[in-house]
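**Student:** Pasting in a structure now, in structure tokens, and then I'll have a few things to ask.
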């Protein structure tokens, strides 16, 4: 005997699933936007069910952040502040305030390991806009190192202003890309007809949980072989998915046959030697993922793992062990299906 009370809702459910699948297959459109900004490339992908015109808005967001945060632009806001006199208050906008406020808090939380006042160190090691042909000497490094610190700038949040307390230069290369990603992601997520979003800028990513009926995937490169993916993260395991990687292999300089990475130890003022390592951080937003990955990458491994565990940071470390990559996961990431 057939239970018709059971059959009827089953049929309704079947047709409901069929109709949903049909809508996704027939009516949803995937659009990709690609280009160059901030000295790197960007890839914005979104899935929508109607005609949308967002390309100009996305580009305007990226260009706005770049015009404020790039040390390569003579008239950028950050360049103006870096060129300002000591103890002189300089007006800043909301974007600049958010980045600097977060960076200053993270500087304190990491005991200075993360510090955006290292701009002059970045420059003398050849990772800034200035051309450098030789390794800086100890006297040069020490004179700049003694100026940097979490308290080398002051913020007036109410009046949106910043003041240099010591002779420093700001550098947002470890946080500006993440912030730009967040702004693009939040804008696209607010557009009515857009259902799913994926934003990538210079290797950093933020996406929605779903990619239509599937999920987004992000591969992490093996630091010892940039052609290989060593691990893949899937967005389905996270309600909010943003990921950033800081690796020694991504930007290097060579002085007298020695290879130095873009990661600078704020205690010594010295650029880290290349050691085929990287740190990837998953967070609710790309700005914090970007900054935290840099902070952990600068720290010695043991201290970085301890900091990640103490602060519930989802982090994956890739280290070189006997010329083979080894993956280490923080406690917070181990609790997630990785």
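**Student:** How many residues does region 36-50 hold that are under 17 Å from residue 178 (Cα atoms) and either within 16 Å of the chain's Cα centre (by Cα) or surrounded by 13 or more Cβ atoms within 10 Å (Cβ to Cβ) (or both)?
**Tutor:** Selection size over region 36-50: 9.
**Student:** Another question about this same structure. Would you tally the residues in region 152-165 being out of contact with any helix residue (DSSP H, G or I) (no Cβ under 9 Å at 6 or more places or on another chain), part of a loop (DSSP other than H, G, I, E, B) and over 24 Å from residue 272 (Cβ atoms)?
**Tutor:** Matching residues across region 152-165 total 3.
**Student:** Here's another thing I want to ask about it. Across region 210-231, what is the number of residues that are over 21 Å from residue 293 (Cα atoms) and either out of contact with any helix residue (DSSP H, G or I) (no Cβ under 9 Å at 6 or more places or on another chain) or surrounded by fewer than 16 Cβ atoms within 10 Å (Cβ to Cβ) (or both)?
**Tutor:** Residues that pass the stated criteria total 5.
**Student:** Let me spell it out: the conditions are (1) farther than 22 Å from residue 166 by Cα; (2) modelled with pLDDT of 95 or more; (3) touching a strand residue (DSSP E or B) at 6+ places or on another chain (Cβ under 7 Å), and residue 91 meets all of them except one. Which number is the exception?
**Tutor:** For residue 91, the failing item is (1).
**Student:** On the basis of being under 23 Å from residue 56 (Cβ atoms) and either outside the structural domain of residue 318 (by TED's automatic domain parsing) or crowded, with 17+ Cβ neighbours inside 10 Å (or both), does residue 197 make the cut?
**Tutor:** Yes, satisfied.
**Student:** Under 25 Å from residue 243 (Cα atoms) and surrounded by 14 or more Cβ atoms within 10 Å (Cβ to Cβ), is that true of residue 161?
**Tutor:** Judged against the criteria, residue 161 is not a match.
**Student:** Another question, then. Which one of the conditions (1) outside the structural domain of residue 301 (by TED's automatic domain parsing); (2) in a helix (DSSP H, G or I); (3) surrounded by fewer than 17 Cβ atoms within 10 Å (Cβ to Cβ) does residue 102 fail to meet, given that it meets all the rest?
**Tutor:** If we test residue 102 against (1) outside the structural domain of residue 301 (by TED's automatic domain parsing); (2) in a helix (DSSP H, G or I); (3) surrounded by fewer than 17 Cβ atoms within 10 Å (Cβ to Cβ), just (3) comes out false.
**Student:** Among the residues of region 119-148, count how many are touching a helix residue (DSSP H, G or I) at 6+ places or on another chain (Cβ under 8 Å) and buried (at least 17 other Cβ atoms within 10 Å of the Cβ).
**Tutor:** Total satisfying the criteria: 11.
**Student:** Based on this model, can you work out whether residue 304 counts as assigned to a strand (DSSP E or B), modelled with pLDDT of 90 or more, touching a helix residue (DSSP H, G or I) at 6+ places or on another chain (Cβ under 6 Å) and assigned by TED's automatic domain parsing to the domain that holds residue 209?
**Tutor:** no
The values are calculated or read from the model by the stated rules, or taken from the named source; none is laboratory data. From a predicted model like this one, the values you see are computed outputs, not experimental measurements. Note that we place each Cβ from the backbone using ideal geometry, even for glycine, and neighbour counts take in every protein chain shown.
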